[in-house]
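Trainee: Below is a structure I'd like to ask you about.
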Amino acid sequence: KIFMNTLKYLQSNEFLLDVDLWRLFANLEELNKISLGFLKSFFETVKEHVSKSDCPMDFSSILRKFFQGDLCQTHQIYCLNYTSAVFYLENLRQREDFGIYLKQWCEQNERCKRLHLPELLVAPLHRLTRYPLLLNNIWKRSADETEKGFIWSLKEKVEKSIRDLEGKVKWLDNFQKFRQLQEVIIWPQVWDRDKRFFVPEYLKQSLRENSSENILSSANRLLLHEGRLTLAESTRLLDVYLFLFDDFLLITKIKRNKKKYGGSDTGLIPVCPSLAPELQSFVREGGFCTVLDQPIPLDRLTLRNIDPIHVTGFSLRNAFLIQHENRYRQCIAVFLLQAPTETAKKTWMSQIEKAISNYTTQHETKKNTAFCFPAESSEI
């Protein structure tokens, strides 16, 4: 409330007018009101039981009213906005005027107990996960079998609601991350990537419309591992950034802009907090990643360890090789990569091997299932 009411006060005085209250706090006021109503009703029942010893402590009506009503639903709305709120806050914090609002107007208030806004915004998520514990404790101490059955079913319903919510939050988080990656990763046209290919101007537009940059638009794809490595080319060493997805490996070149994100010329560019810290820092400095070559499907990727003795003459350490094969098992590209440490190299190789194994297993299972249980014709 300190952060929210202070921001309202500042906006009423025409400061920080562009800051969206809903994006930061969502339905927090409604959530506070409903949570407080539940607590008051809960303790009124306890108080009435204490003052009248012959009065049975019946929680069923209260629990039914709130848990089958607005309490969990209001929490869900808040939790689904949480990832977006953290995303939005992280970028607002880059601004000097917003930083003054946070530090001087709010965080110095003794009622904040030295807590920062991100630590406070996550509190309703923690509260939601404690409701099953509360219901379980009431269930243990209930003497009436009918009431016990009702409370148990309610506890299971709340737990299911939390599991469903976790799935939605993970999906939204993944969606935000991939939307950011679409902005960070640049896909050059084939004629720009390789000068051997000539395309007349009148055909370029139609080819652009079939651009492969939408490959990252699927929120069902998972990013398993990522990081910065060095690629050994014939005449130089090149800084690259690798993205290992659950179905392909993408190798990109690291590029830098002179202007930084959040600068006065470029405006405030959002940086997703779920991106790797290294990539977050890199993006804020105006960096982006240009795709070096076509994505390497995991079922077309061969991984080879490089013995240090074989690359010492090239001043390479912690090296491994990635080979890209076509559907006819012909090698069409080779990438000699160097990790910063031996540990990092082992991690990369382990992650790639695990990803290949999982991908192969999933596709073999799908093939076997399709073979054993053919789809019934709609005409039968």
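The values are calculated or read from the model by the stated rules, or taken from the named source; none is laboratory data. Keep in mind the model is a prediction, meaning the values are calculated, not measured. Cβ: placed from backbone, ideal geometry, glycine included. Neighbour counts: every protein chain shown. Please note that ligands, DNA and RNA were not included when accessible areas were found on the heavy atoms of the full protein model with its side chains. Shrake-Rupley method; radii C 1.70, N 1.55, O 1.52, S 1.80 Å.
Trainee: Can you tell me which of Ser35, Ser51, Ser12 is open to solvent by less than 60 Å² (accessible area, probe 1.4 Å) and more than 26 Å from the chain's Cα centre (by Cα)?
Mentor: Details: Ser51 fails: open to solvent by less than 60 Å² (accessible area, probe 1.4 Å); Ser12 fails: open to solvent by less than 60 Å² (accessible area, probe 1.4 Å).
Ser35 is the lone residue from the list that is open to solvent by less than 60 Å² (accessible area, probe 1.4 Å) and more than 26 Å from the chain's Cα centre (by Cα).
The rows are residues; the columns are (1) modelled with pLDDT under 80; (2) over 16 Å from the mean Cα position of the chain (by Cα); (3) over 30 Å from Glu325 (Cβ atoms).
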residue: Glu213; (1), (2), (3): yes, yes, no
residue: Leu222; (1), (2), (3): no, no, no
residue: Thr230; (1), (2), (3): no, yes, no
residue: Thr235; (1), (2), (3): no, yes, no
residue: Leu242; (1), (2), (3): no, yes, no
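Trainee: For Thr83, state whether it is closer than 30 Å to Gly99 by Cα, of a type in the set (Val, Ile, Thr), assigned to a helix (DSSP H, G or I) and modelled with pLDDT under 90. Working first, answer last.
Mentor: On the way: closer than 30 Å to Gly99 by Cα: yes; of a type in the set (Val, Ile, Thr): yes; assigned to a helix (DSSP H, G or I): yes; modelled with pLDDT under 90: yes.
Spelling it out, Thr83 is indeed closer than 30 Å to Gly99 by Cα, of a type in the set (Val, Ile, Thr), assigned to a helix (DSSP H, G or I) and modelled with pLDDT under 90.
Trainee: Identify all residues within segment 272-283 that are in contact (Cβ under 8 Å) with a residue 40 or more places away in the chain and small (Gly, Ala, Ser); write none if there are none.
Mentor: Those that are in contact (Cβ under 8 Å) with a residue 40 or more places away in the chain and small (Gly, Ala, Ser): Ser274, Ala276.
Trainee: Going by what's in this entry, would Asp18 be described as assigned by the TED database to the domain that holds Ile151, assigned to a loop (DSSP other than H, G, I, E, B), open to solvent by 90 Å² or more (accessible area, probe 1.4 Å) and not hydrophobic (A, V, I, L, M, F, W, C)?
Mentor: yes
Trainee: Name the residues in segment 108-137 that are farther than 25 Å from Pro277 by Cα and either among the charged types (D, E, K, R) or touching a residue at least 60 places away in the same chain (Cβ under 8 Å) (or both), would you?
Mentor: Within segment 108-137, Asn109, Glu110, Arg111, Cys112, Lys113, Pro124, Arg127, Arg130, Tyr131, Leu135 qualify.
Trainee: Oh, and also: Of the residues Gln323, Gln280, Gln330, only one is modelled with pLDDT of 90 or more, among the polar types (S, T, N, Q) and surrounded by 15 or more Cβ atoms within 10 Å (Cβ to Cβ); which?
Mentor: Working: Gln280 fails: modelled with pLDDT of 90 or more; Gln330 fails: surrounded by 15 or more Cβ atoms within 10 Å (Cβ to Cβ).
Of Gln323, Gln280, Gln330, the one residue that is modelled with pLDDT of 90 or more, among the polar types (S, T, N, Q) and surrounded by 15 or more Cβ atoms within 10 Å (Cβ to Cβ) is Gln323.
Trainee: Starting from segment 182-193, keep only residues that are open to solvent by 60 Å² or more (accessible area, probe 1.4 Å), then list their pairs with residues that are of a type in the set (Asp, Glu) and outside any loop (DSSP other than H, G, I, E, B) whose Cβ atoms are within a distance under 7 Å, requiring at least 6 positions of separation or different chains.
Mentor: Gln182/Glu213
Trainee: Go through segment 85-121 and count every residue that is open to solvent by 30 Å² or more (accessible area, probe 1.4 Å) and not charged (D, E, K, R).
Mentor: So the answer is 11.
Trainee: Can I ask one more? Just need a number here: residues in segment 327-348 that are over 20 Å from Phe243 (Cβ atoms) and charged (D, E, K, R).
Mentor: 3
Trainee: Being of a type in the set (Phe, Trp, Tyr) and loosely packed, with under 14 Cβ neighbours inside 10 Å is true for just one of Tyr202, Tyr241. Which residue is that?
Mentor: Only one candidate qualifies: Tyr202.
Trainee: Please go through (1) surrounded by 16 or more Cβ atoms within 10 Å (Cβ to Cβ); (2) of a type in the set (S, T, N, Q); (3) more than 30 Å from Thr347 (Cα to Cα) for Asn174 and return the number of the only condition it doesn't satisfy.
Mentor: With (1) surrounded by 16 or more Cβ atoms within 10 Å (Cβ to Cβ); (2) of a type in the set (S, T, N, Q); (3) more than 30 Å from Thr347 (Cα to Cα) applied to Asn174, the lone miss is (3).
Trainee: Within the bounds of segment 60-78, is there any residue that is in a loop (DSSP other than H, G, I, E, B), crowded, with 17+ Cβ neighbours inside 10 Å and of a type outside the set (Phe, Trp, Tyr)?
Mentor: yes
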